[in-house]
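Would you mind keeping the following structure in view while I ask a few things?
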Amino acid sequence: MKQAVAEAALTYVEAGTIIGVGTGSTANFFIDALARIKNRIDGTVASSLATEKRLKSHGIPVLELNEVDGLSVYVDGADESNHYLQLIKGGGGALTREKIVAAASRKFVCIADESKLVDMLGAFPLPIEVIPMARSFVAREMVKLGGKPVYREGFTTDNGNVIIDVHNLEIMEPAKLEAELNNIPGVVTNGLFALRPADVLLLGTPNGVRTVT
Ligand code: 5RP
């Protein structure tokens, strides 16, 4: 199903443009599919060092975001999506760069299998990227909000920070919580993509790819 949605996402790739590429196992299928049409695009911007490496292994040009004016489309997976295409991302720890690349893109195409579609976000623990010295402080703030913070041990982000995964959150108002969490000193980004949700969700099902907009 991941391969099917990755293939379906190729139809959103506009010739002669630069595209953003996400991180994770579903995004990896997209990268492998993109390799077949690499001569049609001007280049890519990667949302992680792992994605950059995979793109380069296929001979797909990778540019710095600072070098480009904007991106036509961003293709990436998600850990959860609600019916408004608001997402939880960051299971792979690349949430900050993913959010930057998504924000710089005209269209965000999310690719996932149908198990990721939920009525309410929050069953998947919400990842928060935190400056290392603020780890305990931010964790205490999460407890005040009713969450159960768990430090992702032995993991450092591409930006040199740590991740706290927050369990037990019932996220009724994703956009409000996204803004609130980003206001806590020491938080770099949280994994809610609600202020800039996906524009299209391609869901892999046993009966084929379902498009949700
Ligand atoms: C990485 C992410 C991924 O998109 C998310 O974890 C989904 O990954 P996968 O496609 O492997 O299920 O946000 O930070």
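The values are calculated or read from the model by the stated rules, or taken from the named source; none is laboratory data. As the structure is a prediction and not an experimental result, all values here were calculated from the model. As a convention, Cβ positions derive from the backbone with ideal geometry for all residues, glycine included, and neighbour counts pool all protein chains shown. In case anyone asks, the SASA skips ligands and DNA or RNA and just uses the protein heavy atoms, side chains included. Shrake-Rupley method; radii C 1.70, N 1.55, O 1.52, S 1.80 Å.
Test of understanding: among Val209, Val162, Val200, which residue is closer than 30 Å to Arg135 by Cβ, in contact with a strand residue (DSSP E or B) (Cβ under 8 Å, 6 or more places away or on another chain) and β-branched (Val, Ile, Thr)? Full working, then the answer.
Values: Val209 fails: closer than 30 Å to Arg135 by Cβ; Val200 fails: closer than 30 Å to Arg135 by Cβ.
Only one candidate qualifies: Val162.
Checking Asp165 against (1) modelled with pLDDT under 95; (2) within 14 Å of the ligand (Cβ to nearest atom): exactly one of these is not met. Which one?
(1)
Could you list, in sequence order, all residues of region 81-124 that are without any contact (Cβ under 8 Å) to a residue 60 or more places away in the chain, over 25 Å from Glu14 (Cα atoms) and not hydrophobic (A, V, I, L, M, F, W, C)?
Our first condition is that a residue be without any contact (Cβ under 8 Å) to a residue 60 or more places away in the chain; within region 81-124, this holds for 100, 106, 115, 118-120, 122-124.
Those left that are additionally over 25 Å from Glu14 (Cα atoms): 115, 118-120, 122-124.
Hits for region 81-124 are Ser115, Asp119, Gly122.
Restricting region 1-51 to residues that are of a type in the set (Gly, Ala, Ser), in a helix (DSSP H, G or I) and closer than 23 Å to Leu95 by Cβ, which is nearest to the chain's Cα centre (by Cα)? Give the derivation first.
Applying the first criterion (of a type in the set (Gly, Ala, Ser)) to region 1-51 yields 4, 6, 8-9, 15-16, 20, 22, 24-25, 27, 33, 35, 43, 46-48, 50.
Applying the additional criterion that residues be in a helix (DSSP H, G or I) yields 4, 6, 8-9, 25, 27, 33, 35, 50.
Filter once more, keeping what is closer than 23 Å to Leu95 by Cβ: 6, 9, 25, 27, 50.
Numbers: Ala6: 15, Ala9: 15, Ser25: 12, Ala27: 10, Ala50: 14 Å.
Step by step, filter region 1-51, then rank; the result is Ala27.
Let me ask you something else. Can you pull out the residues in region 61-89 that are more than 27 Å from Thr211 (Cα to Cα) and in a loop (DSSP other than H, G, I, E, B)? Steps first, please.
Going residue by residue through region 61-89, those that are more than 27 Å from Thr211 (Cα to Cα) are 61-69.
Hits for region 61-89 are Pro61, Leu63, Glu64, Val68, Asp69.
Being more than 9 Å from the ligand (Cβ to nearest atom), more than 11 Å from the chain's Cα centre (by Cα) and either under 21 Å from Phe155 (Cα atoms) or open to solvent by less than 40 Å² (accessible area, probe 1.4 Å) (or both) is the filter here, so list the residues in region 87-116 that pass it.
Ala104, Ser105
Next question. Identify, please: which residue in region 73-86 is under 20 Å from Ile171 (Cα atoms) and of a type in the set (D, E, K, R) and is, among those, nearest to the ligand (Cβ to nearest atom)?
Asp79
Would you confirm, using the coordinates I've provided, whether Thr189 is among the polar types (S, T, N, Q) and touching a Leu at 6+ places or on another chain (Cβ under 6 Å)?
Working: among the polar types (S, T, N, Q): yes; touching a Leu at 6+ places or on another chain (Cβ under 6 Å): yes.
It is true that Thr189 is among the polar types (S, T, N, Q) and touching a Leu at 6+ places or on another chain (Cβ under 6 Å).
Another question, then. Can you find even one residue in region 131-147 that is part of a loop (DSSP other than H, G, I, E, B), more than 17 Å from the chain's Cα centre (by Cα) and farther than 24 Å from Ser81 by Cβ? Show your work before the answer.
Of region 131-147, the ones part of a loop (DSSP other than H, G, I, E, B) are 131, 145-147.
Of the ones still in play, those that are also more than 17 Å from the chain's Cα centre (by Cα) are 131, 145-147.
From what's left, farther than 24 Å from Ser81 by Cβ: 131.
Looking for residues that are part of a loop (DSSP other than H, G, I, E, B), more than 17 Å from the chain's Cα centre (by Cα) and farther than 24 Å from Ser81 by Cβ, one finds at least one in region 131-147, hence yes.
State which residue pairs qualify: first residue modelled with pLDDT of 95 or more and inside region 7-27, second residue open to solvent by 30 Å² or more (accessible area, probe 1.4 Å) and within 12 Å of the ligand (Cβ to nearest atom) in any location, beta carbons under 6 Å apart, and separation of 6 or more residues or different chains.
Thr23/Gly92; Gly24/Gly92; Thr26/Lys2
Scanning for something surrounded by fewer than 22 Cβ atoms within 10 Å (Cβ to Cβ), touching an Asp or Glu at 6+ places or on another chain (Cβ under 9 Å), closer than 15 Å to Ile88 by Cα and aliphatic (A, V, I, L, M), does region 121-135 turn up at least one residue? Spell out how you get there, then give the answer.
Residues of region 121-135 that are surrounded by fewer than 22 Cβ atoms within 10 Å (Cβ to Cβ), as a first pass: 122-124, 131-135.
Then drop every residue that is not touching an Asp or Glu at 6+ places or on another chain (Cβ under 9 Å), which leaves 122-124.
Next, from what is left, pick out any that are closer than 15 Å to Ile88 by Cα: 122-124.
Filter again for aliphatic (A, V, I, L, M), leaving 123.
Yes, region 121-135 contains at least one residue that is surrounded by fewer than 22 Cβ atoms within 10 Å (Cβ to Cβ), touching an Asp or Glu at 6+ places or on another chain (Cβ under 9 Å), closer than 15 Å to Ile88 by Cα and aliphatic (A, V, I, L, M).
Let me ask another. Given the criterion in contact (Cβ under 8 Å) with a residue 60 or more places away in the chain, under 30 Å from Glu14 (Cβ atoms) and among the aromatic types (Phe, Trp, Tyr), identify the matching residue among Phe193, Phe155.
Details: Phe155 fails: under 30 Å from Glu14 (Cβ atoms).
The conditions single out Phe193.
Of everything in region 195-213, what is in contact with a helix residue (DSSP H, G or I) (Cβ under 6 Å, 6 or more places away or on another chain), open to solvent by 10 Å² or more (accessible area, probe 1.4 Å) and aliphatic (A, V, I, L, M)? Give them in sequence order.
Let us first name the residues in region 195-213 that are in contact with a helix residue (DSSP H, G or I) (Cβ under 6 Å, 6 or more places away or on another chain), namely 195-196, 202-205, 209.
Cutting the leftovers down to open to solvent by 10 Å² or more (accessible area, probe 1.4 Å) gives us 195-196, 205, 209.
Correct list: Leu195, Val209.
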